[in-house]
Amino acid sequence: MQRIVGAVDVGAYENISDIDHDGLPDIYETGTEIYVSATSTGSKPNVADSDGDGILDGVEVNIHGTNPNLTDSDADGFDDLFEINTGFSPISATSTPDALSTIRTAVEFRFNAANGVNYRIEGSTDLQNWDTIETGIIGAGGVVTRFYSTENQPKRYFRVKRN
Ligand SMILES: [Ca+2]
Ligand SMILES: [Ca+2]
Ligand SMILES: [Ca+2]
Ligand SMILES: [Ca+2]
């Protein structure tokens, strides 16, 4: 069979062992915990996510270019996965998530609670079905205030009941 010089010879990889199924051949995973190159990664051949940062060794090496032995490849104080998920570079210390802050409006829920009375707060998405959000609130003859984040929060209706 004629070989094509300069192209990936898929046939050569068909029988290469990847025990932990992380996308890196065992022979590339040297287990030294020191990354040298994509074919000498320092990662563990029997652990799919050597540094435990939530990204497979092969995905770190071949897709993100991050270090499979370090949770924070660029040492900027944020883990690789968090940087990737927030759109920052995990391999550039000048691209760092603490440059970003956001403002989000929360719900402030207030009710007047009588002295010594036990209240519970319920929430609903549809005004039909109500779930208990907090129970055992003992009134002190004044206003009770709660703040609820609106992030990933489908409940837009709140009410209070005496227990
Ligand atoms: Ca591995
Ligand atoms: Ca990893
Ligand atoms: Ca990593
Ligand atoms: Ca980082």
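Values computed for the structure shown
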item: Average Cα contact separation per residue, the stretch 100-163, under 8 Å, 6 or more apart, as relative contact order %; result: 45
item: Positive dipole terminus of the chain, leading residue within Pro154, Val47, Ile19 (C-beta point charges); result: Pro154
item: Label zone at Thr135, where the point sits 7 Å out along the Cα-to-Cβ direction: the stretch 95-122 residues whose backbone N lies under 16 Å; result: 118-122
item: Over 19 Å [Cα-Cα, the stretch 1-101], rounded percent; result: 46
item: 222 nm mean residue ellipticity, helices alone, for the chain (DSSP H n ≥ 4; -39,500 (n - 2.57); rounded to 500); result: -1000 deg cm²/dmol
item: About the Cα centre, charge dipole magnitude for the stretch 30-79 (Lys/Arg +1, Asp/Glu -1 at Cβ), debye; result: 280
item: Charge tally in the Cβ shell below 10 Å around Gly123, where Lys, Arg are +1 and Asp, Glu are -1, Gly123 excluded; result: 0
item: Proximal charge balance of Thr94 [Cβ under 14 Å; K/R count +1, D/E count -1]; result: -4
item: Relative contact order for the chain, counting Cα pairs under 8 Å that sit 6 or more residues apart, in percent; result: 13
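No value in this document is a laboratory result; all are computed from the given coordinates. As the structure is a prediction and not an experimental result, all values here were calculated from the model. Neighbour counts are summed over all protein chains in view; Cβ atoms, including those assigned to glycine, are modelled from backbone coordinates with ideal geometry.
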